[in-house]
1. In what order do B:ILE96, A:ILE40 fall by count of nearby beta-carbon atoms within 10 Å, going from fewest to most?
2. At a Förster radius of 22 Å, what calculated FRET efficiency corresponds to the Cβ-Cβ distance of A:ARG155 and A:THR134, to the nearest 0.05?
3. Per residue of A:133-139, how many C-beta atoms from partner chains lie within 10 Å of its own C-beta, taken as a mean?
4. Based on the alpha-carbon gyration tensor of the range A:102-166 and its eigenvalue square roots a ≥ b ≥ c, which shape applies: rounded if a/c is under 1.5, prolate if not and a/b is larger than b/c, or oblate?
5. Where the centre of each part is set by its Cα atoms, how far does the range A:69-95 sit from the range A:115-166, in angstrom?
6. Lys and Arg at +1, Asp and Glu at -1: add these up for the other residues within a Cβ distance under 11 Å of B:ASN51 and post the number.
7. Taking other Cβ within 10 Å of each residue's Cβ, how do B:VAL112, A:VAL97, B:VAL62 sort, fewest first?
8. Residue-wise, which Karplus ³J(HN,Hα) couplings in Hz belong to the range B:151-162, taking 6.51 cos²θ - 1.76 cosθ + 1.60, θ = phi - 60°, and x for glycine or proline?
Number of protein chains: 2
Amino acid sequence: MRKRHFCTVLGLQVLATAAALPSRGQTSSPPSTSSVPGPIFAKGQPAPAANFTGQVWVQGLVGKEDQYPCGAGSVQFAPGARSHWHQHPAGQILLIVEGTGYYQEKGQARRVLRKGDVIKAPAGVEHWHGAAPTTAMTHVAITPDLEAVPVVWGRAVTQAEYLGKP
Amino acid sequence: MRKRHFCTVLGLQVLATAAALPSRGQTSSPPSTSSVPGPIFAKGQPAPAANFTGQVWVQGLVGKEDQYPCGAGSVQFAPGARSHWHQHPAGQILLIVEGTGYYQEKGQARRVLRKGDVIKAPAGVEHWHGAAPTTAMTHVAITPDLEAVPVVWGRAVTQAEYLGKP
């Protein structure tokens with residue numbers, strides 16, 4: 001029988017928060033008759049301070065208990081907030097759904113993220129992501145293969161790295 | 001070596017459209033300095049009329065070529081538009097990012113979908129989804145396991161089913 005591959009949001013450290021929470025129920029939004037302005041998903045819980053700079057929140061959407069080969073969560077970065085350098089053993093997909101931010105892979109230039117952008121972080125490639133200095137950023141993170149080696153966290157992103165200075 | 005599981009958007013019929021297109025590049029949005037109102041993702045291409053009622057567009061985001069265990073696409077339903085009844089061999093996750101719509105599994109009551117809702121369609125369970133009569137609806141569809149049996153399409157949703165009549 002094929003082994004199922006479970007999922008995480010930003011890695012086990014965040015998963016400890018995100019997957020311990022119930023992922024969003026299937027009909028959990030408040031009643032309304034049309035779409036409403038504002039954030040798509042609930043803000044969720046604070047991300048572990050050990051792996052992030054600034055204020056970051058994680059809302060689990062699809063967790064280990066759902067037994068899909070990918071998990072998903074909504075991650076909101078306050079202006080200036082960002083992850084530490086890290087890598088995912090099976091890569092990660094980021095769908096930018098709100099705001100402006102940055103993404104950088106080790107050895108590459110920092111890239112600006114805007115609503116609608118899609119980031120495909122390769123497996124095992126060190127990178128960081130976060131909001132721009134004056135604009136919040138929210139992305140959906142789709143992460144495969146929770147049963148693989150957990151995310152490997154590195155050091156904080158320096159202010160020079162964050163600002164894209166050489 | 002572990003077999004990779006590839007991905008589709010709504011199934012092979014849609015994938016023929018969605019994955020043949022380039023999935024969104026990683027920095028493809030127009031320049032701006034802050035988040036902008038309006039749709040998150042590009043509208044994409046018309047979904048195959050054989051499997052949908054009304055106007056539906058699919059924008060591939062993560063495709064087979066990306067070699068993740070899940071694919072992803074943005075699917076926009078015009079007011080009144082919906083899929084036919086269908087089932088996915090490995091299930092499908094729907095993240096409602098805009099508007100109002102409906103989702104129904106065979107033998108269950110029709111459910112209202114609103115921005116922020118998460119639908120976890122089980123593997124092999126027949127269902128349909130679409131927009132409400134007077135409001136468009138956009139969801140991100142995350143679909144595992146393209147290499148499994150392709151999506152099985154059934155008949156169109158009747159107007160009575162669409163309106164939730166017994």
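Throughout, read-outs are computed from the coordinates displayed, never taken from laboratory work. No experiment lies behind these values; they were computed from the predicted model shown. Positions of Cβ are backbone-derived with ideal geometry, glycine not excepted, and every protein chain shown enters the neighbour counts.
1. Details: B:ILE96 24, A:ILE40 20.
Ascending Cβ contact count within 10 Å gives the list A:ILE40, B:ILE96.
2. Working: r = 25 Å, r/R0 = 1.12.
Plugging the Cβ-Cβ distance into 1/(1 + (r/R0)^6) gives 0.35.
3. Values: counts 0, 2, 3, 2, 1, 1, 0.
For peptide A:133-139, the averaged partner shielding equals 1.
4. oblate
5. The distance from the Cα centre of the range A:69-95 to that of the range A:115-166 comes to 5 Å.
6. Numbers: positive: B:ARG82, B:ARG155; negative: none.
So the environment of B:ASN51 carries a net charge of +2.
7. On the way: B:VAL112 16, A:VAL97 24, B:VAL62 27.
Least crowded to most crowded, the residues run B:VAL112, A:VAL97, B:VAL62.
8. Residue by residue, the range B:151-162 yields 3, 9, 8, x, 7, 5, 6, 6, 5, 5, 4, 4 Hz.
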